[in-house]
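Let me begin by presenting the structure, written as structure tokens, before commenting on it.
Where a number appears in this text, it was derived from the coordinates with a stated rule and is not lab data. Computed from a prediction, not measured in an experiment: that's the story for all the values here. Neighbour counts are summed over all protein chains in view; Cβ atoms, including those assigned to glycine, are modelled from backbone coordinates with ideal geometry.
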Amino acid sequence: MDDFVHPLGQQGRYRLVALSRQPPYSADDVRAYAVTTRAGDCLREEPTRSGALQWIDERIDRDAASMPPRPRRR
């Protein structure tokens, strides 16, 4: 069975969506939360919204740590 996708927000390059079996959004009908790219590719699925948001925060921190420092302008 296909899920209905309900966008909830975006942090950096990650989007948080709710997945439900019913077309109108209702928090009671959400079966899971997914983290997707802007293009809609699912990166992770979590049973709770807080779990999905925590995963996004960890990814943003990891992304920032792996970026080389920007050169200073003089």
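With unit charges on the beta carbon (Lys/Arg positive, Asp/Glu negative), name the residue among Ala65, Ala32, Gly12 whose Cα is farthest towards the positive pole of the charge dipole of segment 4-66.
Of Ala65, Ala32, Gly12, it is Gly12.
In debye to the nearest 20, how big a dipole does segment 4-66 give about its Cα centre with +1 on each Lys and Arg Cβ and -1 on each Asp and Glu Cβ?
160 debye
Pull up all non-local amide H partners of Gln22: gap of 5 or more, or a different chain, and H-to-H distance under 5 Å with H placed in the peptide plane.
Under 5 Å from the amide H of Gln22: Phe4.
Starting from the Kirkwood radius over alpha-carbon pairs of segment 4-66, derive D by Stokes-Einstein at 20 °C in a medium of 1.002 mPa s and give it in µm² s⁻¹.
Reported coefficient: 181 µm²/s.
With θ set to phi - 60°, apply the Karplus curve 6.51 cos²θ - 1.76 cosθ + 1.60 along segment 40-45 and write out the HN-Hα couplings as whole Hz, x wherever there is a Gly or Pro.
x, 6, 6, 9, 7, 10
Hey, can you grab everything whose amide H is under 5 Å from the amide H of Gln11? Only 5+ residues off in sequence or another chain; H modelled, so Pro and N-termini drop out.
The answer is Leu16.
For segment 4-66, calculate the relative contact order in percent as a whole number, restricting contacts to Cα pairs under 8 Å that are 6 or more residues apart.
24 percent
Give me the angle, in degrees from 0 to 90, between the Cα long axis of helix 49-66 and the longest principal axis of the Cα atoms of the chain, rounded to the nearest 10.
20 degrees
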